[in-house]
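What follows is a short report on a single structure.
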């Protein structure tokens, strides 16, 4: 098998002869490499909204104690969902990247509330982001209250956030994101394989999606 660096080098040489931008080709090569890595199975199954064959794929790595992630959830995600996800143009994946133990506990609670139901998971995430200050200030009590509102007993919440097997899977997926995808901060987005760091306004995201839909 020819090493990928040789393939990229050859592509750049051909591009120079043809008058194309080397930077564009490098970006394309990196995006394709990321797409392959992003498709690898994880320890925790992905929570997804939108059809599998949507022309645009957005994967968000977020922490439930990240204020920028909470702002994206409140100010951008509702418009993204109504405009693009619910209309079948975008497949959206939420992947946790907890920045602290409080975010890890909140993440596993969302998984316990949802089971395999993506709608329930995104609903739980929305509640956790809206109550982010309480989760940070009084984690255990806040998670018990949120769990109770979702029909869980106090004992079930305690068992959930102390589930070592679930926490180990979360840790494994986070290590994969850190080591393979080089995710180091939240939010980090992958849009059709292209990594974008930091929160975006809806206008920025809208422009990016429209440019991809034209291709």
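The values are calculated or read from the model by the stated rules, or taken from the named source; none is laboratory data. Predicted, not measured: the structure shown is a model, and the values here were computed from it. Neighbour counts are summed over all protein chains in view; Cβ atoms, including those assigned to glycine, are modelled from backbone coordinates with ideal geometry.
Give just the number: which of (1) touching a residue at least 40 places away in the same chain (Cβ under 8 Å); (2) within 26 Å of residue 35 (Cα to Cα); (3) surrounded by fewer than 18 Cβ atoms within 10 Å (Cβ to Cβ) does residue 126 not satisfy?
(2)
Looking at region 139-157 only, could you name the residues that are surrounded by 13 or more Cβ atoms within 10 Å (Cβ to Cβ) and farther than 20 Å from residue 120 by Cβ?
If the condition is that a residue be surrounded by 13 or more Cβ atoms within 10 Å (Cβ to Cβ) and farther than 20 Å from residue 120 by Cβ, then 139, 140 are the ones that fit.
Considering only residues that are surrounded by 18 or more Cβ atoms within 10 Å (Cβ to Cβ) and either closer than 15 Å to residue 199 by Cα or modelled with pLDDT under 95 (or both), which ones fall in region 71-91? I'd like the intermediate steps shown before the answer.
At the first step, the residues of region 71-91 found to be surrounded by 18 or more Cβ atoms within 10 Å (Cβ to Cβ) are 72-73, 76-77, 80, 84-85, 90-91.
Once the filter is applied, which keeps residues that are surrounded by 18 or more Cβ atoms within 10 Å (Cβ to Cβ) and either closer than 15 Å to residue 199 by Cα or modelled with pLDDT under 95 (or both), region 71-91 yields 72, 73, 76, 77, 80.
Hey, residue 199 hits all of (1) out of contact with any strand residue (DSSP E or B) (no Cβ under 6 Å at 6 or more places or on another chain); (2) part of a helix (DSSP H, G or I); (3) in contact (Cβ under 8 Å) with a residue 60 or more places away in the chain but one; which does it fall short on?
(2)
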